[in-house]
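The values are calculated or read from the model by the stated rules, or taken from the named source; none is laboratory data. Since this is a predicted model, take the numbers as computed values, not measurements. A quick note on method: Cβ atoms are made from the backbone with ideal geometry, for glycine too, and the neighbour counts reach across all protein chains shown.
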Amino acid sequence: MAQVLIDTANHIAGYAAKAARVKVVAAYPITPQTTIVEKIAEFVESGEMSAEYIRVESEHSAMVACIAAAATGVRTFTATSAHGLALMHEALHWASGSRLPIVMAVVNRAMGAPWSIWPDFSDSLSQRDTGWIQFYCADNQEVFDTIIQAYRLCEDEGVFLPAMICLEGFILSHTYMPVKIPDQKEIDDFLPPYRTGWILDVNNPLSHANLVSPEWYMEFRYMIQEAMENAKRLIPKIDEEYGERFGFGHGGLVEKYLCEDADLILFTMGTMGSEAKIAVDNLRKEGLKVGTARIRVYRPFPVEEIVKLAKQAQMFAAIDRHISFGMEGFLATEIKASVLNQKDPPPVAGFLAGLGGRDVTYATIEKIAKKAFRWMREGEVEKETEWVDLRG
Amino acid sequence: MVTIKELPKEEYLLKGHAACAGCGPSISLRLLFKALGNKVILVVPACCTTVIQGQYPYTSVNVPLQNILFESTAAAASGIVAALRQRNLEDITVVGWAGDGGTVDIGIQALSGAAERETNFIYICYDNEAYGNTGMQRSGATPYGAWTTTTPSGKRERKKDMALIMAAHRIPYVATACPSYPLDFVNKLKKAKEIKGTKYIHILAPCPTGWRYDSSKTVEMGRLAVLTGLWALFEIEYGHFKLNPPSDRLLDKSKRKPVKEYLSLQGRFRNLREDDLERIQKWVDEDWEYYSKLTSSSASDSAPYGKI
């Protein structure tokens, strides 16, 4: 029988690592991630989880230990936040370049200076180009389900890439919600034993990741891009199959809500997607034809889905919880890039909200939508990037 | 104790590798495999061996080799050891093989962490006393007075004593070695293989390219380092310090050759003044007074880590 737990997303992430039968966990504490690795430490010490737990001396070592363990033939897991993720940066490239299916929970937290422990996406979005698949979750159930789905995806021979499962600090990490945990046997049926493309093997001695000349480097990079494209095709299928088996699907690459007849589509990521649904319901009551699309997978970026939405909507608004300084929100840029070559693409208005953990409620999103509607009717995007609720 | 005749004929560092002529590290790597065989997983960070092993799709190393980030040899070894335990493959020896920069500078954090966690592996620092692969820049293991490309007039600080830093981690086995004394190195590796926990071996690996001597003189250079007492061959087993031949005969200062005999043969020490030589000689003599104390306290003290 499936079990329903009421617990925080961090603890749920720990339950997911256990359910995935992870064999090596290498971890280092950082707020707000810490309770994930605390939960796993309890599981390992109590014997509920049969795994090695390496209490490393830094996040950099955590990622490297996961790389090496994954290369030695076992399923690995780690978790981090903000500065811990930034410290891993170099090793993130090494993991994807080595084509190792590591899964990591990233509990989103704003980057310093100044210190902040509250959420935004500046940590994980700064790792956009490391070759990791990136999922963004909207609730605790999705955290559990996506970790399980991610192993299935990453260990597919057409993919063999690592994935980060991003969840916003405190909003999810420390918030209790009911979560359905399927039976272990059902999870085992869904998720076969660990698979990887290569292994450190004394019976087949090879050098891995040794120097590659310009003659071959580009080909290795092309193969990563191919793997990303494969992942883009597989993610909706895996999510659908998971939904059929366990009752929860999460929209594949993009979770769409009332987009079919919408004039305005609000693009969000993470928990803002849940708030946006409430905002859409309220605005619909006022007769505004608005829908919302939550980007669940940021890498690979769901260009084709956005192109489809561009054909039906008159206006796009992207709400970003992160800025690329000197430009704009990442989501705004990428949505513009996705539709640029289409005929008469809708204008894209960018809104920056919720940096450093400032609340983004449905009321905030309603305000954003109304502004976007006004610009739509006036036929002009007044500001390329609007800072929502900026003081002073 | 293995003798020369008993060394296996098998070679796991293959011909055609890309080391410089007279490369001390590559001689050491060849000996490593002779001592440990091929049931070994080798972890190599950025270092000369990155180049020595050859470019994709070739390799000159006939054991599984994981190339890894510069500062993370010991972290990678930790991951491999953990995975092997989960797969019941604990008879495979995991070896970290890193240069001096990758050990005493950028890699010291991961190494210290792995040692503190009592990770079951052998870590070897092959020390050519500078960042050799990038063209001889100063490292924390570069000795006082040595020319490097970033200390053009000679380094003004002393070499870090990494073996004793590792001994302070209370790991079961710490040793120093030099490829000029191959059997000493091989036997230390064999001993390390049988001990559970973190084993650290620091090799002084002469580098003709960086030290500026003729490539035919590598063995001689290593011998002089030992015979002048600038490099002592010792092991610290469960806290007990012991000098190994020929260093065990050098406690008496009169038995040691003057440091000048070693330093004057290397272009990197060309700029040493007379007072530099005196200073280095004085430091060596002080080191040996310390070795003398460690020797006598280890002989009288049965408690592990009594004195170190």
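Can you find, within the range B:151-168, the residue that is farthest from B:L272 (Cα to Cα) among those that are within 13 Å of the chain's Cα centre (by Cα) and touching a residue at least 24 places away in the same chain (Cβ under 8 Å)?
B:M166
Starting from residues that are in contact with a strand residue (DSSP E or B) (Cβ under 8 Å, 6 or more places away or on another chain) and surrounded by fewer than 21 Cβ atoms within 10 Å (Cβ to Cβ), keep the ones in the range A:51-66 and report whichever is farthest from B:E71 (Cα to Cα).
A:Y53
I'm told A:R75 meets every condition in (1) away from every other protein chain (no Cβ under 14 Å); (2) touching a Lys or Arg at 6+ places or on another chain (Cβ under 7 Å) except one. Can you identify the failing condition by its number?
(1)
Test each condition in (1) within 14 Å of chain B (Cβ to nearest Cβ); (2) over 20 Å from A:D145 (Cα atoms); (3) surrounded by 15 or more Cβ atoms within 10 Å (Cβ to Cβ) for A:M228 and report the one that comes out false.
It fails just one condition, (1).
So that you can scan it fast, the table gives a plain yes or no per residue for (1) crowded, with 24+ Cβ neighbours inside 10 Å; (2) closer than 30 Å to A:E219 by Cα; (3) of a type outside the set (K, R):
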{"position": "B:Y56", "(1), (2), (3)": "no, yes, yes"}
{"position": "B:S72", "(1), (2), (3)": "yes, yes, yes"}
{"position": "B:G101", "(1), (2), (3)": "yes, no, yes"}
{"position": "B:E118", "(1), (2), (3)": "no, no, yes"}
{"position": "B:D127", "(1), (2), (3)": "yes, no, yes"}
{"position": "B:M136", "(1), (2), (3)": "yes, no, yes"}
{"position": "B:T150", "(1), (2), (3)": "no, no, yes"}
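Can you pull out the residues in the range A:59-108 that are among the charged types (D, E, K, R) and either more than 19 Å from A:N210 (Cα to Cα) or touching a residue at least 40 places away in the same chain (Cβ under 8 Å) (or both)?
If the condition is that a residue be among the charged types (D, E, K, R) and either more than 19 Å from A:N210 (Cα to Cα) or touching a residue at least 40 places away in the same chain (Cβ under 8 Å) (or both), then A:E59, A:R75, A:R99 are the ones that fit.
Among the residues of the range B:1-25, what is the count of those that are in a loop (DSSP other than H, G, I, E, B) and crowded, with 19+ Cβ neighbours inside 10 Å?
5
Picking from B:A130, B:A75, B:A35, B:A82, which residue would you name as being more than 29 Å from B:F269 (Cα to Cα), more than 10 Å from chain A (Cβ to nearest Cβ) and among the small types (G, A, S)?
B:A35
Give, as residue ranges, the helices (runs of 4 or more DSSP H) completely inside the range B:125-231 that count at least 3 residues that are aromatic (F, W, Y) and at pLDDT 95 or above.
Helices (runs of 4 or more DSSP H) meeting the threshold: none at all.
Which residues, taken from the range B:221-245, are in contact (Cβ under 8 Å) with a residue 60 or more places away in the chain and of a type outside the set (A, V, I, L, M, F, W, C)?
Matches in the range B:221-245: B:G222, B:E235, B:E237, B:Y238, B:G239, B:H240, B:N244, B:P245.
Counting only residues that are in contact with a Lys or Arg (Cβ under 9 Å, 6 or more places away or on another chain) and either under 26 Å from A:L211 (Cβ atoms) or not hydrophobic (A, V, I, L, M, F, W, C) (or both), how many does the range B:70-95 have?
The qualifying residues number 7.
Would you point out which residue out of B:I80, B:I52, B:I41, B:I68 is in contact with a strand residue (DSSP E or B) (Cβ under 9 Å, 6 or more places away or on another chain), surrounded by fewer than 24 Cβ atoms within 10 Å (Cβ to Cβ) and on the phi < 0 side of the Ramachandran plot?
Only one candidate passes the filter, namely B:I52.
If you scan the range A:30-50, which residues turn out to be surrounded by fewer than 22 Cβ atoms within 10 Å (Cβ to Cβ), within 14 Å of chain B (Cβ to nearest Cβ) and not in a helix (DSSP H, G or I)?
A:S50 - this is the single residue of the range A:30-50 that is surrounded by fewer than 22 Cβ atoms within 10 Å (Cβ to Cβ), within 14 Å of chain B (Cβ to nearest Cβ) and not in a helix (DSSP H, G or I).
Which members of the range A:86-130 meet the condition of being part of a loop (DSSP other than H, G, I, E, B), buried (at least 22 other Cβ atoms within 10 Å of the Cβ) and touching a helix residue (DSSP H, G or I) at 6+ places or on another chain (Cβ under 7 Å)?
A:S98, A:L100, A:P101, A:I102, A:R109, A:A110, A:P119, A:D120, listed by residue number.
Can you pull out the residues in the range B:216-231 that are under 15 Å from the mean Cα position of the chain (by Cα) and charged (D, E, K, R)?
Within the range B:216-231, just B:R223 meets the criteria.
Taking the condition of being over 20 Å from B:G239 (Cβ atoms) and aromatic (F, W, Y), how many residues in the range B:163-195 meet it?
Count: 2.
Is it the case that the range A:138-151 has a residue that's in a loop (DSSP other than H, G, I, E, B), within 13 Å of the chain's Cα centre (by Cα) and surrounded by fewer than 24 Cβ atoms within 10 Å (Cβ to Cβ)?
yes
Name the single residue that is farthest from A:E378 (Cα to Cα) among those in the range A:230-274 being out of contact with any His (no Cβ under 9 Å at 6 or more places or on another chain) and of a type in the set (S, T, Y).
A:T271
Go over the candidates A:G291, A:G270, A:G287 one by one and state the one that is outside the structural domain of A:L100 (by TED's automatic domain parsing), buried (at least 21 other Cβ atoms within 10 Å of the Cβ) and at positive phi.
A:G270
Which condition number in (1) more than 20 Å from A:L87 (Cβ to Cβ); (2) of a type outside the set (A, V, I, L, M); (3) in contact (Cβ under 8 Å) with a residue 12 or more places away in the chain; (4) at the interface with chain A (Cβ under 7 Å from one of its Cβ atoms) is the one that B:Y56 fails?
Looking at each condition in turn, B:Y56 falls short on (3).
Name the pairs whose Cβ atoms lie under 8 Å apart, with the first residue in the range A:364-384 and in a helix (DSSP H, G or I), the second at pLDDT 95 or above and hydroxyl-bearing (S, T, Y), and 6 or more positions between them or separate chains?
Here the result reads A:I365/A:T268, each pair linking the range A:364-384 to a residue that is at pLDDT 95 or above and hydroxyl-bearing (S, T, Y).
Does A:A318 count as in contact with a helix residue (DSSP H, G or I) (Cβ under 6 Å, 6 or more places away or on another chain) and either β-branched (V, I, T) or modelled with pLDDT of 95 or more (or both)?
In short, yes.
State which residue pairs qualify: first residue part of a strand (DSSP E or B) and inside the range A:171-184, second residue of a type in the set (A, V, I, L, M) and at pLDDT below 95 in any location, beta carbons under 8 Å apart, and separation of 6 or more residues or different chains.
A:K180/A:A2; A:I181/A:A2
Can you find a residue in the range A:186-194 that is more than 8 Å from every other protein chain (Cβ to nearest Cβ), outside any loop (DSSP other than H, G, I, E, B), over 25 Å from A:W132 (Cα atoms) and not acidic (D, E)?
No, the range A:186-194 has no match at all.
Is the range B:32-45 home to any residue that is of a type in the set (K, R) and touching a helix residue (DSSP H, G or I) at 6+ places or on another chain (Cβ under 7 Å)?
yes
May I ask you to say which residue of A:N230, A:N203 is in a loop (DSSP other than H, G, I, E, B) and modelled with pLDDT of 95 or more?
The unique qualifying residue is A:N203.
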